[in-house]
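Let me begin by presenting the structure, written as structure tokens, before commenting on it.
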Amino acid sequence: MIARADYEDYLIYLYFGSNPDFLTACVNRAYRDFNRTLHGFGRLENSGEIYNQAENLLKDALDRLKLITTNQISTEVFDNWHKETCEGLILLFESNGL
């Protein structure tokens with residue numbers, strides 16, 4: 001019989017893949033969701049470099065979010081973090097012609 005933990009592990013594998021680095025797997029999955037609306041990115045000569053910069057930006061943002069304790073987090077704090085993160089990504093892509 002399959003245990004619930006095995007079932008959950010399988011679902012996580014289906015959605016995020018087999019990367020043991022869960023943070024990178026989450027960032028990669030978010031990119032796959034996002035790239036359907038990002039037109040022309042694949043045609044850029046430096047798309048790999050831009051992707052790496054975006055990945056690092058997201059990882060740094062998530063690390064900053066982790067530093068906020070449960071007592072300090074609020075809707076306003078999270079919304080500000082989210083807005084700053086999105087603005088950073090927008091600036092990165094706009095500065096590279098997208």
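Cβ under 13 Å from C86's Cβ, C86 left aside: what net charge do those residues give with Lys, Arg +1 and Asp, Glu -1?
Its environment carries a net charge of -3.
Before anything else, pin down the relative contact order of the chain: Cα pairs under 8 Å, at least 6 apart, normalised by residue count, whole percent.
On the way: 29 pairs, mean separation 30.2, N = 98.
Once normalised by length, the contact order is 31 percent.
For the pair A30 and F16, the difference between a 0.36 nm per residue extended length and the Cα-Cα distance amounts to 4.1 nm. Could you list the residues of the stretch 15-51 with an amide nitrogen less than 20 Å from a label point located 7 Å from the Cα of L67 in the Cα-to-C-beta direction? Residues 23-24 fall inside that zone.
Please compute the net charge surrounding N35, taking Lys and Arg as +1 and Asp and Glu as -1 over other residues with Cβ under 15 Å from its Cβ. It would help to have the intermediate numbers written out before the result.
Details: positive: R29, R32, R36, R43; negative: D33, E55.
Charge balance in the 15 Å sphere: +2.
Modelled label positions at M1 and K59, each set 7 Å beyond Cα in the direction of Cβ, lie 4.2 nm from each other.
Within the stretch 1-49, which GluC sites (Glu not before Pro) sit in a loop by DSSP and count at most 11 neighbouring Cβ atoms inside 10 Å?
Working: sites: E8, E45, E49; in loops: E45.
Hits after loop and neighbour filter: E45.
With the Cα gyration tensor of the stretch 21-94 giving a ≥ b ≥ c as the square roots of its eigenvalues, does the rule (a/c under 1.5 for rounded; else a/b larger than b/c for prolate; else oblate) give rounded, prolate or oblate? Don't skip to the answer; put the middle values down first.
Working: a/c = 2.44, a/b = 1.90, b/c = 1.28.
Verdict is prolate for the stretch 21-94.
About the centre of its Cα atoms, the stretch 21-94 shows a dipole size close to 260 debye [charges on the beta carbon of Lys, Arg (+1) and Asp, Glu (-1) only; nearest 20 debye]. The Cβ shell under 14 Å around D21 holds other residues with a net charge of 0, Lys and Arg each +1, Asp and Glu each -1.
Computed per residue of the chain from DSSP H runs no shorter than four, each worth -39500 (n - 2.57), the mean residue ellipticity at 222 nm is -23000 deg cm²/dmol.
Where a number appears in this text, it was derived from the coordinates with a stated rule and is not lab data. Since the structure is predicted, the reported quantities are computational estimates derived from the model, not experimental observations. Ideal geometry is used to build each Cβ from the backbone, glycine not excepted, and the neighbour counts take in all protein chains shown.
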